[in-house]
Amino acid sequence: MTSRGAEPGVRFLLTLIDPGDAADVTRRLGIGEPVPVGDEDAVWRLGRVDAPRSVLLWMLEQDDPDTNRRIFHQPHVGDAVKRDILRGLPFGAGDGPLPVRVDCGHRYCSHAEPDIPVHPRGLIGGLREARTMGSARVAARAVSKPDWSDVAEADEVEPLPGYARWALGERIDCPTALRARFCPHPKFVTRFRKSGIVEPREYVERGRPPRTVLEVFHLGAQLFPRRVGEAAATLAPLVRAELAANADAWAVLAQLLPTFAGTVPELVVTSGAVARV
């Protein structure tokens with residue numbers, strides 16, 4: 001019998017093998033029927049499992065007005081992102097403007113557009129004059145989604161100050177390629193990862209513990225399926241090679257998952273190796 005804590009992770013991994021084999025393993029492990037989870041509860045559970053900050057962007061990329069409403073009321077969403085939501089700007093491939101539905105039904109919730117001042121010398125001027133981390137974050141706060149191309153062009157003409165680059169890079173909506181240009185050194189990548197800024201491939205390969213990582217993707221299958229597909233494509237070959245239809249290997253994985261401290265790939269390899277002994 002699989003522990004309840006392990007089930008979300010096991011269920012996600014089982015989606016990566018042949019459906020018939022997955023059904024056989026599910027029966028062998030005694031995994032019951034999944035309990036439907038509404039999107040509201042799924043977003044709440046993501047917060048409870050300490051999901052990385054990037055999941056907020058992955059959800060926004062769905063360009064779904066109801067999802068945007070839920071993100072708008074999350075405590076760690078920056079004012080610039082809230083402003084873009086209120087303006088109906090798409091974060092994914094959708095065409096804007098999107099319908100705006102941010103009313104949460106609570107009289108104390110603010111739905112007004114945040115007041116974000118722009119530096120007297122303009123957006124780029126403010127970034128260029130940033131000489132402290134505080135002033136850089138104030139300047140970066142003014143960047144809206146349509147401004148990222150102007151920021152990238154300005155940095156190509158003359159690199160922005162280091163504080164400004166870092167403040168821009170720590171925004172969840174900073175384009176991935178631009179963040180890599182701003183902060184190319186491995187130590188910066190590590191610091192971003194620790195602050196919750198990750199790509200799906202990176203999170204599935206390096207995130208820990210596996211119980212959290214796999215539950216994030218299990219919930220993400222309904223909240224940000226495209227990004228979950230990227231993680232699945234990374235992990236599926238290893239799962240098929242190490243576990244496949246081997247119920248014993250899956251039983252070992254289910255037993256290890258709640259307390260395993262390594263990464264997801266390490267968990268999968270360890271489970272396969274133990275089952276072969």
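The values are calculated or read from the model by the stated rules, or taken from the named source; none is laboratory data. Treat the numbers as computed from the prediction; the structure is a model and nothing was measured. Neighbour counts run over all protein chains shown; Cβ positions are idealised from the backbone, glycine included. What goes into the accessible areas is simple: the full protein's heavy atoms, side chains included, and nothing from ligands, DNA or RNA. Shrake-Rupley method; radii C 1.70, N 1.55, O 1.52, S 1.80 Å.
Can you name the residue in segment 57-78 that is under 12 Å from Asp173 (Cβ atoms) and touching an Asp or Glu at 6+ places or on another chain (Cβ under 9 Å) and is also least open to solvent (accessible area, probe 1.4 Å) among such residues? Looking at the filtered set, the residue picked out is Leu60.
For segment 175-206, filtered to residues that are among the hydrophobic types (A, V, I, L, M, F, W, C) and closer than 22 Å to Phe217 by Cα, the residue that is surrounded by the fewest Cβ atoms within 10 Å (Cβ to Cβ) is Val189.
Scan segment 28-63 for residues that are charged (D, E, K, R) and closer than 24 Å to Pro265 by Cα and jot them down. Please lay out each step first, then the result.
Residues of segment 28-63 charged (D, E, K, R): 28, 33, 39-41, 45, 48, 50, 53, 61, 63.
Once the filter is applied, which keeps residues that are charged (D, E, K, R) and closer than 24 Å to Pro265 by Cα, segment 28-63 yields Arg28, Arg45, Arg48, Asp50, Arg53.
Within segment 104-141, the set of residues being open to solvent by less than 40 Å² (accessible area, probe 1.4 Å), modelled with pLDDT of 95 or more and not in a helix (DSSP H, G or I) comprises just one member, Ala130. Within segment 242-266, the set of residues being on the phi < 0 side of the Ramachandran plot, in a loop (DSSP other than H, G, I, E, B) and open to solvent by less than 50 Å² (accessible area, probe 1.4 Å) comprises Leu243, Leu257, Pro258, Phe260, Gly262, Thr263.
What residue, among those in segment 142-174 that are part of a loop (DSSP other than H, G, I, E, B) and touching a residue at least 60 places away in the same chain (Cβ under 8 Å), is surrounded by the fewest Cβ atoms within 10 Å (Cβ to Cβ)?
Here is the first cut: in segment 142-174, the ones part of a loop (DSSP other than H, G, I, E, B) are 142-144, 158-161, 170-174.
Keeping just the survivors that are touching a residue at least 60 places away in the same chain (Cβ under 8 Å) gives 142-144, 171-173.
Details: Ala142: 18, Val143: 25, Ser144: 15, Arg171: 21, Ile172: 21, Asp173: 20.
So the residue we want is Ser144.
Here the helices (runs of 4 or more DSSP H) wholly within segment 25-103 that include at least 3 residues being closer than 30 Å to Arg206 by Cβ and aliphatic (A, V, I, L, M) are 39-48, 54-60, 79-86.
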